[in-house]
Amino acid sequence: MLVVDSTVWIDYFNGAENPQTDFLDRTLDKVPILVGDLILAEVLQGFRQDADFETACRLLTRFTQLPMVNPELAIRSAHNYRFLRQKGLTVRKTIDSLIAAFCIENDHELLHNDSDFDGYEKYLGLMIVYP
């Protein structure tokens, strides 16, 4: 299943054109997409207008939704974060570490536009979609 990171959804809703948003637009109805609760919250909190919030909510809730974090995954995420820090990489956002751990543990591919995920791909086997 494809997990689309909030960086791509935010660009998509803002009308930004880049390889990730183009890929998302082409595949919205062709591949199974998972919208985790963390990503849902991160994307929806950025809308200023109620109408935009409602439109985005309708679109995002039509995809498979799952909780992304539990105590075991939180611990795995912390291990991964510490491992990358020992490699000289510092992940800037805890939520990215949680999303990466979720994808790794569940064998989901990730579509993103955020360098925080690079170390997870290089050292921990995160599967990335390259449009």
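No lab work stands behind these numbers, since they all come straight from the coordinates. In this text, all values refer to a predicted model and were calculated from it rather than measured experimentally. Cβ atoms come from the backbone with ideal geometry, glycine included; neighbour counts cover every protein chain shown.
Each of F117, F13 was scored by other Cβ atoms within 10 Å of its Cβ. Listed from fewest to most, they are F13, F117. The phi torsions of region 55-62, fed into the Karplus equation with coefficients 6.51, -1.76 and 1.60 and a -60° offset, translate into couplings of 4, 5, 4, 4, 5, 5, 7, 7 Hz, rounded to whole numbers, with Gly and Pro shown as x. Panel order for H112, H79, by other beta carbons found within 10 Å of each beta carbon, from fewest to most: H79, H112. Calculated on the alpha-carbon coordinates, the convex hull of the chain measures out at 101 cubic angstrom per residue.
Nearest 20 debye, what's the magnitude of the dipole of region 26-79 about its Cα centre given +1 on Lys and Arg Cβ and -1 on Asp and Glu Cβ? List each step's numbers first, then the result.
On the way: 6 positive and 7 negative charges, 48 e Å.
Dipole about the Cα centre, nearest 20: 220 debye.
Rounded to the nearest 20 debye, what is the charge dipole size of region 2-128 about its Cα centre when +1 sits on each Lys and Arg Cβ and -1 on each Asp and Glu Cβ?
On the way: 12 positive and 20 negative charges, 89 e Å.
In total the dipole reaches around 420 debye.
The residue list A56, A16, L84 was ranked by how far each Cα lies along the charge dipole of the chain toward its positive end, using unit charges on Cβ atoms, and L84 comes out on top.
In region 42-93, what is the volume of the convex hull around the alpha carbon atoms, normalised per residue and reported in Å³?
Dividing the Cα hull volume of region 42-93 by its residue count gives 102 Å³.
Arranged from fewest to most other beta-carbon atoms within 10 Å of their beta carbon, I33, I128 become I128, I33. Here's how it looks for M127: its modeled amide H is under 5 Å from those of L110, which are all 5 or more places away or on a different chain.
Scanning the chain for trypsin sites (Lys or Arg not before Pro) in DSSP loops with at most 14 other Cβ atoms within 10 Å, what's the longest stretch left with none? Mind dumping the intermediate values first?
Numbers: sites that count: K30, R48, R62, K87, R92, K93.
Between the exposed loop sites, the longest stretch runs 94-131.
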